[in-house]
Amino acid sequence: MKFQIKLFAILLVMSTLQAISQDRQFAWTYQTTTLPKGGVDIEPWFTVSSGRHNFYNRIKTRLEFEFGLTDRLQTAFYLNSKHEAFANTDTAGNINGMTKKSGFSISNEWKFNILNPSIFPIGFAVYGEITLAPHEYELEYKLLFDHRGEK
């Protein structure tokens with residue numbers, strides 16, 4: 001955990017040297033546009049969840065390194081971690097212990113832009129991501145559509 005905080009601090013300082021932003025309109029959506037050939041983007045993600053009736057705390061981090069391979073194809077590599085702690089309760093709701101879990105994984109994402117929404121009335125891309133952890137894996141795939149509207 002200390003290593004991740006140090007790495008995050010170093011990347012934050014480095015990002016102030018020259019900051020360039022993508023054209024993403026909304027943080028939790030996927031757009032069809034890709035980085036240009038040779039383009040690079042680094043995105044640190046940090047999510048904290050807490051609360052519930054009894055104690056619950058979860059910290060998820062993702063450090064993304066994104067690369068434009070061509071003007072229509074990009075890939076990204078992620079370093080992921082998740083640390084979770086929660087109270088164990090009996091049937092009456094009494095706390096009888098704590099459970100702590102930690103896990104690490106890596107992900108690889110690919111996105112291919114078929115129709116650019118800056119040129120065509122609608123944007124279209126295909127997206128795929130694989131995540132590998134010590135005892136599990138996850139496959140994610142999407143068809144992406146977007147529209148820029150009038151400028």
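None of the figures in this text is laboratory data; all of them are computed from the coordinates on show. Everything numeric here is computed off the predicted structure, so don't read it as measured data. Heads up, the Cβs are rebuilt from the backbone with ideal geometry, glycines too, and the neighbour counts pull from every protein chain shown.
Of note:
- Sorting 103-110, 41-48 by average packing, meaning the other beta carbons within 10 Å per residue, from highest down gives 103-110, 41-48.
- Spacing of the modelled spin labels on Ile42 and Thr91, each 7 Å from Cα toward Cβ, amounts to 5.4 nm.
- Using the Karplus relation 6.51 cos²θ - 1.76 cosθ + 1.60 with θ = phi - 60°, the per-residue 3J(HN,Hα) values for segment 76-81 come to 8, 10, 10, 10, 10, 9 Hz, with x marking Gly and Pro.
- Charge tally around Arg72: other residues with Cβ under 11 Å, Lys/Arg +1 each, Asp/Glu -1 each, net +1.
- Placing a pseudo-label 7 Å from each Cα along the Cα-to-Cβ vector at Tyr30 and Ile10 gives an inter-label distance of 3.1 nm.
- Burial order of peptide ranges 75-88, 123-136 (average beta-carbon count within 10 Å, highest first): 75-88, 123-136
- Near Glu109, once Lys and Arg are set to +1 and Asp and Glu to -1 for all other residues with Cβ below 10 Å from its Cβ, the sum equals -3.
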